[in-house]
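Written out below as structure tokens is the structure these notes cover.
Quick note: the coordinates plus some simple rules give every number you see, no bench work behind them. Note that this is a predicted model, so its numbers are computed, not measured. Cβ: placed from backbone, ideal geometry, glycine included. Neighbour counts: every protein chain shown.
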Ligand SMILES: [Zn+2]
């Protein structure tokens, strides 16, 4: 099957030095605002409190807002003239889901990327190999998936999470992933620096059903399918169960595969030159 490329884009390898300077000045300003103003007995509360809040906001907001582009590129769609989408599965491999997901994808002739957790890969290396064997791709989703505090980590902890997952994947499959997805899509400026230094692409999404929060698969499938356009990146997960213990992800994935296939969509893993924004 051919997928005609609409335009050719050359991905930028690194964040601009101006961007880094801006980020470092911002950190410096945020760190020094309060002590400097206090040292000068600058007690105009009318200005002091908003200034303090604004400087903190500039650091925290882009880190906790999923797929925020303030500090660097995040891939949220890809270029295509075909009715094609990119299915992505986070948080696996998961022994009760992965093989069934692979079987579903095979039935629909679909290709996908699995953003896996390093610790899970170490437990179930045969599942990681099965994903590759079926023609899908593997990518990094941290070693331990510290979803609550990942956005607040400094470089050392971020490096450990990324490198250990890469090592787990290398040991299980012999391959080195080139793509990374942050837990809950939350990335601070240090993560962007790290991605650029290591030439790893940060991958986000353009459609999700909040399958980690809700249980109504019909509503989730509607939410995803109604927002789909060619070049969409769909975020799904492994390992979710509803109150009755049913596998939400398997049910939701089958609904999406069936509905989008009926609309004429194909499920591909795009080439890096097609990923947007760059
Ligand atoms: Zn995750």
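Descriptive notes on the structure:
- Acute angle (nearest 10 degrees) that the helix 17-39 long axis makes with the longest principal axis of the chain, alpha-carbon atoms: 40 degrees
- Computed helical MRE - 222 nm, the chain, DSSP H runs ≥ 4 contributing -39500 (n - 2.57), nearest 500: -14000 deg cm²/dmol
- Here the relative contact order of the chain, from alpha carbon pairs under 8 Å that lie six or more residues apart, stands at 29 percent.
- For 180, 149, the sequence from fewest to most other C-beta atoms within 10 Å is 149, 180.
- The chain: angle of helix 45-64 to the longest principal axis, Cα-based, in degrees nearest 10: 30 degrees
- Here the relative contact order of segment 109-240, from alpha carbon pairs under 8 Å that lie six or more residues apart, stands at 21 percent.
- On the basis of the beta-carbon distance and an R0 of 25 Å, residue 149 and residue 210 show a calculated FRET efficiency of 0.75.
- Rounded to 5, the percent of DSSP beta bridges in the chain classed as antiparallel: 15 percent
- Length gained when the stretch residue 96-residue 242 is fully extended (0.36 nm per residue, less Cα-Cα span): 51.2 nm
- Taking the C-alpha atoms only, the angle from helix 217-226 to the longest principal axis of the chain is near 80 degrees.
- The distance between label points at residue 58 and residue 29 comes to 0.2 nm (points 7 Å beyond Cα on the Cα→Cβ vector).
- Legend: calculated FRET efficiency, residue 229 to residue 134, from the Cβ-Cβ distance at R0 = 22 Å, rounded to 0.05, equals 0.25.
- Ranked list, fewest to most other Cβ atoms within 10 Å of each Cβ, for 192, 237: 237, 192
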